[in-house]
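This report concerns only the one structure given below.
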Amino acid sequence: MRSALETAAAWLLALIWILPLAYAGWTAFHPAAYATAFRFDAPLTLANFAAAWQAAPFARYFLNTFLLVTMILAAQLVLCTLAAFAFARIEFRGRAVAFLLVLVQLMVMPDVLIVENYRTMARLGILDSLGAIGLPYMASGFGIFLLRQTFKSVPRELDEAARIEGAGLLQLLWRVYVPLARPVYLAYGLVSVSYHWNNFLWPLIVTNSVETRPLTVGLQIFASTDQGIDWSIITAASLMTTAPLLVAFLLFQRQFVQSFLRAGIR
Amino acid sequence: MPSRLRPQIEGWLLLLPAAVLLALFTHYPTVATAIDSLFSTPRGARGAVYVGLDNYAEMAGDPVFWQALGNNLVFALGTVPAAIALALLMALLVDRKLAGRDFVRLAYFTPTVLPMIAVANIWLFFYTPGYGLVDQLLHLLGAPSHNWLGSRGTVLPCLMVMTVWKEAGFFMIFYLAALQQIPPSLGEAAALEGASRWTIFRRVTFPLLMPTTLFVLVNALINSFRLVDQIIVMTEGGPDNASMLLLYYVFEVGFKYWDTAYAAALTVLLLALLAALALTQFLYFDRRVHYR
């Protein structure tokens with residue numbers, strides 16, 4: 001009895017939680033006339049998606065976001081791996097202080113330093129480029145922290161065995177440490193991709209043209225200027241920009257949840 | 001190469017690429033922001049002049065700043081406890097056997113994966129006066145239509161509801177993980193002694209979840225100061241600054257009025273707030289101040 005009540009509560013909350021998305025789906029897949037009229041004979045249509053796709057260069061925005069997310073993740077993986085390995089296994093002078101300086105980024109996030117970073121990008125002459133969007137995030141304090149913890153847990157014996165066989169430092173890193181940290185890389189990768197797929201404020205500030213805008217900024221410009229108030233089309237566009245991430249999430253649900261858990265934040 | 005020098009070179013070489021980027025885009029801008037906040041904004045031919053604490057004095061006398069700070073506190077106090085309570089409830093509900101558990105869990109977690117921009121555009125539609133979902137539902141109950149985002153009294157609560165909806169599922173997974181660490185025998189022992197389920201929750205489960213609650217609390221607070229995407233989409237701080245939050249104000253001062261010196265002073269204050277929050281977390285986690 002009590003358990004049935006709890007099951008009902010769980011389901012009720014789940015239905016409330018899914019309602020906004022279900023409603024968005026309804027609006028996007030039906031003609032505008034049915035946007036708020038819930039009838040079983042309402043015809044399904046993809047016209048809203050087609051209209052959104054035609055009305056703004058979403059193909060280009062998709063490409064930009066894809067390039068941006070790939071570039072940031074690749075840079076993060078390389079930079080964080082090298083730095084984390086140095087912190088985990090090499091005794092160099094100033095290591096403790098340097099590590100503290102890395103941790104500063106957990107408090108002082110690039111999301112907040114928008115005014116000063118905009119100036120830096122202007123001085124470097126790279127405003128309105130994918131590089132300008134990605135650069136502040138590439139050396140991720142969080143990534144370094146996470147990988148350092150992982151590398152520290154690699155057994156010393158494995159490390160020494162590889163050294164005795166004559167492996168150089170980078171070979172050692174590539175053959176012993178990186179393979180053992182694979183689940184952490186997966187976790188960090190998923191979190192990083194979804195973070196930067198969704199990131200908005202900084203890309204909005206540094207981009208100024210169709211060639212560089214990511215999806216989030218493109219969607220916002222599309223929704224605020226072009227459309228008047230055709231909600232069916234705006235909702236279709238919102239769902240469209242989210243679709244790849246949502247599909248990936250549904251396919252890899254378990255890994256996603258595990259990853260967010262492992263990686264905590266960002 | 002002498003063997004004592006070797007780790008020094010190797011260590012710093014490996015660190016170098018990350019260190020350069022960190023210095024350029026985290027350390028330098030932090031220091032530069034603090035310095036800029038002591039100068040005037042350069043205008044035309046006139047360069048920046050040292051003005052001491054003038055920008056901070058301006059801040060103290062700026063009603064919009066105080067409103068943004070007040071709004072941000074209301075926003076944090078309104079969203080954080082609600083999101084945490086819901087997250088805990090969700091975790092408790094799906095931690096047991098349950099028909100369709102995978103679907104329920106998915107329903108709770110999905111809003112977390114979506115971009116705030118897409119979410120805000122969808123919710124903008126819900127709040128549309130007369131036509132949107134909220135007014136349609138209330139209309140069934142006979143209530144008149146209301147301009148939810150256009151009224152000073154309702155704009156902030158509307159944004160808070162949406163934020164709680166988006167964030168609760170994210171915090172749920174931390175609670176889920178923590179719940180799975182608690183040995184079932186503890187609850188069973190308490191049940192044998194005749195404790196009610198509420199007592200078990202209050203005296204056993206909840207105290208054991210305290211470290212998780214602290215972790216989630218700090219991150220939720222940081223998020224409430226860090227994320228303003230929804231303001232840009234839905235209200236632009238209005239009406240009458242009723243939904244103005246600190247970071248959005250920095251954005252507006254810095255990139256609409258181009259008053260970079262004042263924006264720097266505002267950023268310093270925001271950074272101090274965030275640093276205080278993050279330090280609290282550090283101290284708690286380092287000392288492992290637990291439950292007793």
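The values are calculated or read from the model by the stated rules, or taken from the named source; none is laboratory data. Keep in mind that this is a model prediction, so the values were computed, not measured. A quick note on method: Cβ atoms are made from the backbone with ideal geometry, for glycine too, and the neighbour counts reach across all protein chains shown.
Only one of the listed residues (A:PHE249, A:PHE222) is part of a helix (DSSP H, G or I), buried (at least 21 other Cβ atoms within 10 Å of the Cβ) and at pLDDT below 85. That residue is A:PHE249. Checked against (1) acidic (Asp, Glu); (2) more than 13 Å from chain B (Cβ to nearest Cβ); (3) in a helix (DSSP H, G or I), A:GLU6 meets all criteria but (2). Among the residues of region A:23-77, those that are within 30 Å of A:PHE145 (Cα to Cα), within 14 Å of another protein chain (Cβ to nearest Cβ) and surrounded by 15 or more Cβ atoms within 10 Å (Cβ to Cβ) comprise A:THR65, A:LEU68, A:VAL69, A:MET71, A:ILE72, A:ALA75, A:GLN76, A:LEU77. Are any residues in region A:78-97 closer than 17 Å to A:LEU146 by Cβ and either within 25 Å of the chain's Cα centre (by Cα) or surrounded by fewer than 16 Cβ atoms within 10 Å (Cβ to Cβ) (or both), and if so, which ones? Those that are closer than 17 Å to A:LEU146 by Cβ and either within 25 Å of the chain's Cα centre (by Cα) or surrounded by fewer than 16 Cβ atoms within 10 Å (Cβ to Cβ) (or both): A:VAL78, A:LEU79, A:CYS80, A:THR81, A:LEU82, A:ALA83, A:ALA84, A:PHE85. Regarding region A:106-118, can at least one residue be identified that is within 27 Å of the chain's Cα centre (by Cα) and farther than 30 Å from B:GLU252 by Cβ? The answer is no, given that none of the residues of region A:106-118 is within 27 Å of the chain's Cα centre (by Cα) and farther than 30 Å from B:GLU252 by Cβ.
The residue pairs whose first member lies in region A:189-216 and is charged (D, E, K, R), whose second member is not in a helix (DSSP H, G or I), and whose beta carbons are closer than 8 Å, counting only pairs six or more residues apart or on different chains, are A:ARG213/A:THR207. Among the residues of region B:92-105, just one is part of a loop (DSSP other than H, G, I, E, B) and touching a residue at least 40 places away in the same chain (Cβ under 8 Å), namely B:ASP95. Against the criterion of being under 30 Å from B:TYR28 (Cβ atoms) and among the polar types (S, T, N, Q), A:THR27 does not qualify. Can you find, within region B:1-35, the residue that is farthest from A:PHE142 (Cα to Cα) among those that are of a type in the set (D, E, K, R) and more than 7 Å from every other protein chain (Cβ to nearest Cβ)? Ranking the candidates gives B:ARG4 first.
Can you find, within region A:116-154, the residue that is farthest from the other protein chains (Cβ to nearest Cβ) among those that are of a type in the set (S, T, N, Q) and either at positive phi or not in a helix (DSSP H, G or I) (or both)?
The qualifying residue farthest from the other protein chains (Cβ to nearest Cβ) is A:SER153.
The single condition among (1) modelled with pLDDT under 85; (2) surrounded by 14 or more Cβ atoms within 10 Å (Cβ to Cβ) that B:VAL119 does not meet is (1). Note on region B:106-225: enclosed helices (runs of 4 or more DSSP H) holding 3 or more residues that are within 13 Å of chain A (Cβ to nearest Cβ) are B:116-126, B:133-140, B:152-181. Filtering region B:20-39 to residues that are among the aromatic types (Phe, Trp, Tyr) and touching a strand residue (DSSP E or B) at 6+ places or on another chain (Cβ under 9 Å) leaves only B:PHE39. Of all positions in region B:204-218, at least one carries a residue that is surrounded by 15 or more Cβ atoms within 10 Å (Cβ to Cβ) and under 30 Å from B:VAL253 (Cα atoms).
Residues in region B:70-113 that are β-branched (Val, Ile, Thr) and under 26 Å from B:VAL228 (Cα atoms): B:VAL74, B:THR79, B:VAL80, B:ILE84, B:THR110, B:THR112, B:VAL113. Every condition in (1) free of Cβ contacts under 8 Å to residues at least 12 places away in the same chain; (2) more than 10 Å from chain A (Cβ to nearest Cβ) is met by B:LEU53 except one, and the failing one is (1). Check A:GLU116 against each of (1) under 19 Å from A:LEU204 (Cα atoms); (2) in contact with a Ser or Thr (Cβ under 9 Å, 6 or more places away or on another chain); (3) surrounded by fewer than 18 Cβ atoms within 10 Å (Cβ to Cβ); (4) not aromatic (Phe, Trp, Tyr) and name the one condition it does not meet. (3) is the only condition that A:GLU116 fails. I'd like to check something: does region A:98-111 contain any residue that is at pLDDT 90 or above and either loosely packed, with under 15 Cβ neighbours inside 10 Å or in contact with a Gly (Cβ under 7 Å, 6 or more places away or on another chain) (or both)? Within region A:98-111, one or more residues are at pLDDT 90 or above and either loosely packed, with under 15 Cβ neighbours inside 10 Å or in contact with a Gly (Cβ under 7 Å, 6 or more places away or on another chain) (or both).
Quick check, is B:GLY254 surrounded by 15 or more Cβ atoms within 10 Å (Cβ to Cβ), small (Gly, Ala, Ser) and without any contact (Cβ under 8 Å) to a residue 24 or more places away in the chain? When the stated conditions are applied, B:GLY254 passes them. State the number of residues belonging to region B:31-79 that are part of a helix (DSSP H, G or I) and touching an Asp or Glu at 6+ places or on another chain (Cβ under 8 Å). Number satisfying all stated conditions: 4.
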